[in-house]
Amino acid sequence: MAAGKINKNKLKMYDLSFFRYISMNSFNLLKADVGSILASDAFEYAGGYEIDELEEKTHYNATVTLDRVYTYNEFVDFCKENDINPRWNAVCYKDEKRENLLKSEYTICDSGIFGFRSVGSGFVYEFDEKKYPYLTSVSLVEPGNEEMFGSEEKTKQHLLSMLRYMQDEPEFFEMINGGKSDFLKKIEKSIEKDGFHIYGFAITAEKEKLQRIASIKNIADMTITKA
């Protein structure tokens, strides 16, 4: 939840941690076989907690790297089979022009991670539903359905709408992201053509659940911080 106000082109936030990014290095891109100019041993994440250091009955945030790139439906099946309800999901896309350079079929946004919140998280606000269908994760919720995941097609449209919305608000994007939005068109075209894929997720849970998740064979890496 975000709280603040915008007045005369100035944004005042009451909680600056709302804009805190998950560290790029929290995901181990090499283990997931995702290419990036940032994916090298030199960017190995330093910090976080080891599983054995965690306190009981205390919530922690964890960024979890999968053992490979998954299709959306594969990822949904994996989460359901293992009783995992991620808060946020990390997306990669195809970039044929850089495939040889990165030695990987998939890549990520060079300016940082890109992904989407799970269904039902976030808050409702007004937007042009015709221009940006399923813009919010809340809009993916089916009436009477408590599923954590929207359909693949609706989730794809959700990602495309977010990308288009950010491109249509370049000044706001630059203020929040600290850079231009030019690269978003490339991601949009790739997702339109080849769909989207998942290489990791973020979750908030207590020690016992994180221990169980870490033991799953499909998990390649986990970085844990205090919630």
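The values are calculated or read from the model by the stated rules, or taken from the named source; none is laboratory data. Please read these numbers as outputs of a predicted model, since none were measured by experiment. Cβ coordinates were reconstructed from backbone atoms using ideal geometry, including for glycine residues, and neighbour counts include every protein chain displayed. The protein model used for the area step is the full one, side chains on, heavy atoms only, and it has no ligands, DNA or RNA in it. Shrake-Rupley method; radii C 1.70, N 1.55, O 1.52, S 1.80 Å.
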**OP:** Identify all residues within region 51-69 that are open to solvent by less than 10 Å² (accessible area, probe 1.4 Å) and over 18 Å from residue 26 (Cβ atoms); write none if there are none.
**Re:** none
Subject >> Index of the failed condition, residue 202 passing every other in (1) in a strand (DSSP E or B); (2) closer than 17 Å to residue 78 by Cβ; (3) open to solvent by 20 Å² or more (accessible area, probe 1.4 Å) >> reply: (3)
**OP:** Please work out which one of (1) more than 20 Å from residue 86 (Cβ to Cβ); (2) modelled with pLDDT under 65; (3) not in a strand (DSSP E or B) is the condition residue 18 fails and give its number.
**Re:** (1)
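Residue-by-condition table, conditions (1) in contact with a helix residue (DSSP H, G or I) (Cβ under 7 Å, 6 or more places away or on another chain); (2) crowded, with 19+ Cβ neighbours inside 10 Å; (3) at pLDDT 90 or above:
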position	(1), (2), (3)
71	no, no, yes
120	yes, no, no
124	yes, no, no
127	no, no, no
143	no, no, no
Original post:
Has region 162-174 got any residue that is modelled with pLDDT of 90 or more, in contact with a strand residue (DSSP E or B) (Cβ under 7 Å, 6 or more places away or on another chain), under 21 Å from residue 34 (Cα atoms) and in a helix (DSSP H, G or I)?
Top reply: no
